[in-house]
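Q: First, the structure itself, so that you have it in front of you.
We did not get these values from a lab; they are worked out from the coordinates using the rules stated. Computed from a prediction, not measured in an experiment: that's the story for all the values here. Every residue, glycine among them, receives a Cβ derived from its backbone with ideal geometry; neighbour counts consider all protein chains shown.
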Amino acid sequence: MNNINYRYEIKYFMENFDYELIRSKLRLFMNSDSHSDDNGEYRITSLYFDDVYNSAYNEKMNGLMFRKKFRIRIYNYDDKSIKLEQKIKHGQLGYKKNVFITKDDFYRIINGDTDFLKNSDSPLLREFYIKTVNNVLKPDVIVDYVREAYVLDVSDIRITFDKNIRSSKSSYDIFDRNLPMMNSVESYVMEVKYNNFLPDYIKKIIGMGSRNQQSISKFVSSKIFA
């Protein structure tokens with residue numbers, strides 16, 4: 001796969017009882033993400049892009065094994081760390097490429113001014129620019145949620161619970177804290193990410209052998225319900 005360091009990404013829907021039980025056990029073996037607040041959480045707000053053909057949406061709905069999509073992501077509304085990311089999926093494997101942009105860059109992009117990217121030093125920004133020209137890639141939907149994350153150095157394991165998942169198409173300003181939002185996913189979403197292997201005790205805690213893995217896309221759900 002072109003020497004890209006893909007990671008396993010497995011997702012499950014989860015109700016409150018399971019969430020409370022699993023998180024209480026994970027806390028015995030794993031640490032909270034360093035970006036978490038005193039409650040062990042942080043907010044993620046992402047603006048997803050799709051093209052004139054709705055490629056990102058249709059590729060997911062049609063079950064394509066290999067998919068790509070672009071998004072701009074911030075954490076806790078902080079404008080000091082704005083990332084333009086390309087999410088690449090190959091079956092259960094995932095990989096992200098990202099580059100930091102400024103707040104001014106962000107507003108230029110959502111207003112359709114992307115010409116300044118064509119001579120960028122970043123290959124990712126140049127690819128993004130080409131997509132905006134050739135495929136009419138444009139802002140599509142905002143996805144916003146609270147994440148609770150646990151990490152373990154072994155195999156770079158990361159287990160997250162996403163909750164209060166909301167979406168909006170009324171505006172593309174991810175810095176607007178008063179943006180009207182619609183609930184797009186009612187359940188918790190647990191994501192399990194790791195490099196090469198998952199220890200048996202972690203598999204047991206999350207009930208991997210008895211739990212049905214699900215094809216979950218917060219982007220697709222938000223696009224439908226926003």
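Q: Output the qualifying pairs, or none if there are none: Cβ atoms under 8 angstrom, residues six or more apart or on different chains, first residue in the stretch 35-61 and closer than 17 Å to Lys83 by Cβ and touching a residue at least 40 places away in the same chain (Cβ under 8 Å), second residue part of a strand (DSSP E or B) and hydroxyl-bearing (Ser, Thr, Tyr).
A: Qualifying pairs under 8 Å: His35/Tyr42; His35/Tyr75; Tyr42/Tyr75; Arg43/Tyr75; Arg43/Tyr145; Ile44/Tyr75; Ile44/Tyr145; Thr45/Tyr75.
Q: Can you tell me how many residues within the stretch 128-157 are in contact (Cβ under 8 Å) with a residue 40 or more places away in the chain, in contact with a Phe, Trp or Tyr (Cβ under 9 Å, 6 or more places away or on another chain) and either within 20 Å of Ser46 (Cα to Cα) or not small (Gly, Ala, Ser) (or both)?
A: 20
Q: List the number of the failed condition for Lys97; all other conditions in (1) within 18 Å of the chain's Cα centre (by Cα); (2) more than 23 Å from Met182 (Cβ to Cβ); (3) crowded, with 19+ Cβ neighbours inside 10 Å hold.
A: (3)
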